[in-house]
1. Quick query: amide H of B:Leu53 versus all other amide H atoms, modeled in the peptide plane; which residues come in under 5 Å with a sequence gap of 5 or more or a different chain?
2. Does anything in region A:63-91 have its amide N under 20 Å from the 7 Å Cα→Cβ label point of A:Glu56, and if so which residues?
3. Using only Cα atoms, find the angle between the long axis of helix A:99-108 and the longest principal axis of chain A, and express it within 0 to 90 degrees, rounded to the nearest 10.
4. Search the structure for amide H atoms under 5 Å from the amide H of A:Trp127, placed 1.01 Å from N in the peptide plane, and list their residues when 5 or more places away or on another chain.
5. Top mean-square fluctuation among A:Ala151, A:Ala179, A:Ala320, Gaussian network model of chain A, C-alpha springs under 10 Å?
6. Express the relative contact order of chain B as a whole percentage, based on alpha carbon pairs under 8 Å and six or more residues apart in sequence.
7. Please say if region B:25-149 is rounded, prolate or oblate, where rounded means a/c under 1.5 for a ≥ b ≥ c the square roots of the C-alpha gyration tensor eigenvalues, and otherwise the choice is prolate for a/b larger than b/c and oblate otherwise?
8. Taking the Cα atoms only, what angle lies between the long axis of helix A:242-274 and the longest principal axis of chain A, rounded to 10 degrees?
Amino acid sequence: MIELDDRLSALRDHAREWAGELRPLALELERDPELIHKHLELPGVSFLARTPIPAEYNPDPVTIGGHRFHGTGGLERVTFCEEFAAADVGMLLAAPGPSLSGVFVALLGDEAQKEWFFGRLLERPTWTFFALTEPDRGSDAAALTSALTTAPDGETLLLSGTKRFIGNAARADLGVVFARTRPGPLGVIAVLAETRDPGFSATPFPTVGLRGNQVSEVSFDRVEIPADRVLGRHLSPTRRGLAGAVAGFNRLRPGVAALGLGVARGAYEYVREHRRALTGDERDRLDRLGRRIEGVRQLVRRAALALDHDDPSLGHLASAAKARAARLAEETTLEAVGFFGAGARLEHPLLDKFVRDARGTEYMEGTRNIQWLNVFQGLSQGRLRHG
Amino acid sequence: MIDYNEIRDVARADGLVAALLLLHLRCGGDPVYGPAGHAVLPASIAGDEPPLLTLDLYGDTLVAVRGRGVPSREWSLGLAWLRLGLSEGLLGRCLSYLGARTAGDSPLLVQQLVKGQLAEAVTEHLLIQGVLHEELAAEALDDLHLQITLADRMLLRLLGGSGFRADGPGQSAHVSELLADAYTGTAEVRT
């Protein structure tokens, strides 16, 4: 069993308290995602706005019980992600902060880029976006077609293309965009883009759940990218492009898995809270759900520890955890509805929200087929150690 | 006597709202409420009561409302055929989507993982179709509704993120789930 130490237990307890304040706001935020602007002072939202930022770039991190938290550790991240998602994953995804982009900047950025990016985020609550997925190619990074061409000055790059399923793009100031400079696998690079620049536009579209995230279609029409905004310009081409994307996703997936885990737990706790007089059979069913949640929690923590220990099996474990947690979220939320009678989803809007949000966790950072292919790769390469 | 195949065919070809209007028409035309007094229906045939929920689906508006009445046997069976038809329609959309989309140089449709999952979904459809008959007990019908939901979920995963958009087939599957929610299950639960 992977248990939390005193430091992370303190984080979990605080995150649970913060998330508890967000839950009563969940349905309101779904109806109007712009209401996030009213909640920026809440400690939970403020924590998300300032994590993950590497220690070197944040002199004033969140401190709890004498412990400092930057949000960069794997186990640290899955711990607070689970707590927030058990309350309202929509609020977590609506919050400002470095989010997905922060992971890529920390991984691929040079000193100046990190100082610029994280410095902007510490000035005031700032939203970021991460754009890789394209309309006809999904998350297949090797096939992306968004193009970076050289401007007449010979240095500046011009970014053109369309991205889809990009969270927070319409409210973001800056973000990371994957695009290609030339054909072939080494032609893919990541750049830092600013949304105020001419040629950028983001249009939110409606989704079944996770509405706080304001998922958008983003279009770039010759958006100017200064040469010093190419992420990983100090790295070799083999490390900064597609390899960088893979490495970044491997680091993100334990956190995404924790979102699925949290959604499942939220639905399970909803049943415990609202169905106190259970029959024997119902008690058995609920206990079984509780055990499944704990099992997946262990898998998610194992992936998180692989991140903390630079374990080469990280990518495979993270995919296993992500696929399994999304399945847990789907199954648990549907089973939770079965504890209430006809019209349960109409009479219990928060439970209905968990059911819809669970569907969203399946698509984030790749559906289970993509994850399974990663897990198989680990299996075939002998990287999934038992024990 | 309702022609269930007609309901199923309309659901598969013309979608949820057309099929739901037809089912109402074949069952007398009035709003029908589930065991705990909920209806999910097109706004055009709902009364004036304030809705619990309003849903947009391909330009149509549906509402969830409270009321009184016990659904007839024909309604309950017709709704299962309707949802099966919708799931079959979703399968058709998956085939077109996956045939047009490529991974590497080949359509997603020819990937072995994808083929297996489509086969699994159509097998569920065949199974449901095989047991969906007039004499089915109410509890068994409720189980079939859950199986239809699970078949839909298998198919939605194959649509990737586009299956999560509220202006596409993912929203139809969502409303289909809410129909099952309103019209199946028990009238009361102990709290």
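None of the figures in this text is laboratory data; all of them are computed from the coordinates on show. Note that this is a predicted model, so its numbers are computed, not measured. Don't worry about glycine lacking a Cβ; one is built from the backbone with ideal geometry, like all the others, and counts go over all protein chains shown.
1. Long-range HN contacts for B:Leu53: B:Ala64.
2. Residues passing the 20 Å test: A:68-74.
3. Taking Cα atoms only, the helix is inclined about 50 degrees.
4. A:Gly97, A:Asp173
5. Answer for the Gaussian network model of chain A: A:Ala151.
6. 26 percent
7. oblate
8. 20 degrees
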